[in-house]
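The values are calculated or read from the model by the stated rules, or taken from the named source; none is laboratory data. Given the structure is predicted, the values throughout are model-derived calculations rather than measurements. Ideal geometry is used to build each Cβ from the backbone, glycine not excepted, and the neighbour counts take in all protein chains shown.
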Amino acid sequence: MAEGIDATARRPTLAVKFLYGLGNMGESAFIAAVAFAFFYYTAVLGLSGSLVGTALFLGLCADAVVDPFFGSWSDNLRSRFGRRVPLMAFGGPLMAVSVGMLFAPPAGLPDLALFAWLSGWAMLVRAGVSMFHVPYVALGAEMSSDYHERSSVVAWRTVFGILATGTATGLAYSGFFKGEGGLQRLENYPPFGWTIAALIAASTLICTLGVTRYAAGLPAEAPVAKTLLRRLPGEVAEMFRNASFRTLFFSAAVCYTAVGVNQAFNSHAYVFVWKLQPDMIQTVTFSFLGGLFLGVPATPLIVRALEKKTVVLIGMGLVAAAWLLMGVPRLAGLVALSGRAAVPYLASLAAVMGIGAGFCAIGYPSMMADAADEHELLFGRRREGLYFAGLGFAFKAATGLGVLVSGLALDVIGFPKDAGRKVGLALPEALQDRVVFAWAPFSALFVFAAMALVAAYGISRLRHAAVAAALQARRGDPEA
């Protein structure tokens, strides 16, 4: 066994979990940064919402398509560093460089050239994300076979993700975009992008080096004779034969579509409807992160009393309720707050949303790891890489669909292309209402649909115990 592994229970030590968790700072910093890209290209650079939505959608679709390739590749890769680390070592640098270039288009590009720049770098950065993150989360799933320890591993990963999101948010609102009209200043976006790129490069490199010994000591799968392209279709079809995977995949796809719509409209709603300055948006965002900090460490404790599915349903319900309260009272004329007066209202709801998101952030990956155990029992081979590639596919394709819908919606509702260049612009009330509806209540409807799908998930703690016992008997390994 490699250094950092408790051989009797196959549980990572605290140091290994710490170094592993650092890796999530890369993708989380990227996600926090790319949330500004939609506003940057539409409201600041003046590119049509339809073109921006299409470009970002293409990037997410390209990422979603290559996820299964990287998943299968990492499941079957053999090296002295283990199955996952070699891909992580290349994915982190590609992600970092592409983020910097995404925020640094040459000045004066015509619309089609700007669209091509955004599309190209969006696809490359997503390829880097997939190359690093798919084997990374698969490594987390195989760190332990214990039902509750898995929630702990995911919690470490999520905490570092929250820290990265907070760091990126602070750099944005208290640094690069500070002051009135800060989000509308063109010249500050390239240095912001390269700063995030440096954070991504450092965190992914430290993580990769830190988990190499551990990853090399994990059990390896027997090699397969077929090439990746020949075996992949059958492996994907095999995954979808598992009802537990189908439930998680389709519910995640519906839920993440809502996330894509909501995140794409975030800056538009905060700046042009609620009239928030950058420091106020930062307060609301930090309130959301504060809720996450409450929800994430609480989830492994709550899971000991409730089923994981129940915790996820509660989390989704909190997110949907927060979105409804952000939108419906304003549309009904019951809330007319703006500027600093609106911050306490929005911040309190953001905190509730963060708690709910924290429940889901821990529960969903932990449920997927349990489904991977069930898959081994049903089909005789472990597929953590493909299972988390499937979850990543649902996240990316659905989020991309949400961004595409948002881009088209901006053009349909007549959002002005030069809005970002006019500090203090007052939109017509009817246009504000359309932005608010798309941003919050419309997104909540998707979450309710996702909740209906999650309710069908069938792996309880008793079912997982039976699966684990059957796998132990099959392997002849009483310590597994």
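Being without any contact (Cβ under 8 Å) to a residue 60 or more places away in the chain and crowded, with 22+ Cβ neighbours inside 10 Å is a condition met by at least one residue of segment 299-315. Across segment 176-190, the qualifying residues are those that are surrounded by 15 or more Cβ atoms within 10 Å (Cβ to Cβ) and out of contact with any Phe, Trp or Tyr (no Cβ under 6 Å at 6 or more places or on another chain), and the one among them that is modelled with the highest pLDDT is 177.
A Cβ distance below 7 Å, combined with a sequence gap of six or more or placement on separate chains, defines the contacts here; from segment 348-374, residues that are closer than 10 Å to residue 287 by Cα and touching a residue at least 24 places away in the same chain (Cβ under 8 Å) reach residues that are surrounded by 23 or more Cβ atoms within 10 Å (Cβ to Cβ) and among the aromatic types (Phe, Trp, Tyr) in the pairs 350/288; 351/288; 353/288; 354/288. Checked against the criterion of being without any contact (Cβ under 8 Å) to a residue 40 or more places away in the chain, farther than 29 Å from residue 61 by Cβ and either in a helix (DSSP H, G or I) or among the small types (Gly, Ala, Ser) (or both), the candidates 175, 179 yield just one match: 175. Annotation note: of 105, 135, the sole residue that is modelled with pLDDT of 90 or more and either touching a Ser or Thr at 6+ places or on another chain (Cβ under 6 Å) or in a loop (DSSP other than H, G, I, E, B) (or both) is 105.
When segment 358-403 is filtered for residues that are among the polar types (S, T, N, Q) and either closer than 24 Å to residue 304 by Cβ or out of contact with any helix residue (DSSP H, G or I) (no Cβ under 8 Å at 6 or more places or on another chain) (or both), only 366 remains. Beta carbons closer than 6 Å, at least 6 apart along the sequence or on distinct chains, pair a first residue in segment 19-40 that is in contact (Cβ under 8 Å) with a residue 24 or more places away in the chain with a second that is among the charged types (D, E, K, R) and not in a loop (DSSP other than H, G, I, E, B) for 21/157; 24/157. Pick from segment 253-285 the residues that are in a helix (DSSP H, G or I), of a type in the set (A, V, I, L, M, F, W, C) and in contact with a Ser or Thr (Cβ under 7 Å, 6 or more places away or on another chain): which of them is surrounded by the most Cβ atoms within 10 Å (Cβ to Cβ)? Result: 264. In the set (1) assigned to a helix (DSSP H, G or I); (2) at pLDDT 85 or above, residue 306 fails one condition alone, (1). Between 426, 430, 440, 409, the distinction of being over 30 Å from residue 63 (Cβ atoms), of a type outside the set (Val, Ile, Thr) and modelled with pLDDT of 75 or more belongs to 430 only. Residues being surrounded by 21 or more Cβ atoms within 10 Å (Cβ to Cβ), touching a residue at least 60 places away in the same chain (Cβ under 8 Å) and of a type in the set (A, V, I, L, M) are represented in segment 407-416 by at least one member.
Scanning segment 185-203 for residues that are of a type in the set (D, E, K, R) and in a helix (DSSP H, G or I) gives a single hit, 187. Of the residues screened, residue 87 is not one that is without any contact (Cβ under 8 Å) to a residue 12 or more places away in the chain and in contact with a helix residue (DSSP H, G or I) (Cβ under 7 Å, 6 or more places away or on another chain). In segment 219-252, of all residues being part of a loop (DSSP other than H, G, I, E, B) and either of a type in the set (S, T, N, Q) or at pLDDT 70 or above (or both), the one that is surrounded by the fewest Cβ atoms within 10 Å (Cβ to Cβ) corresponds to 227.
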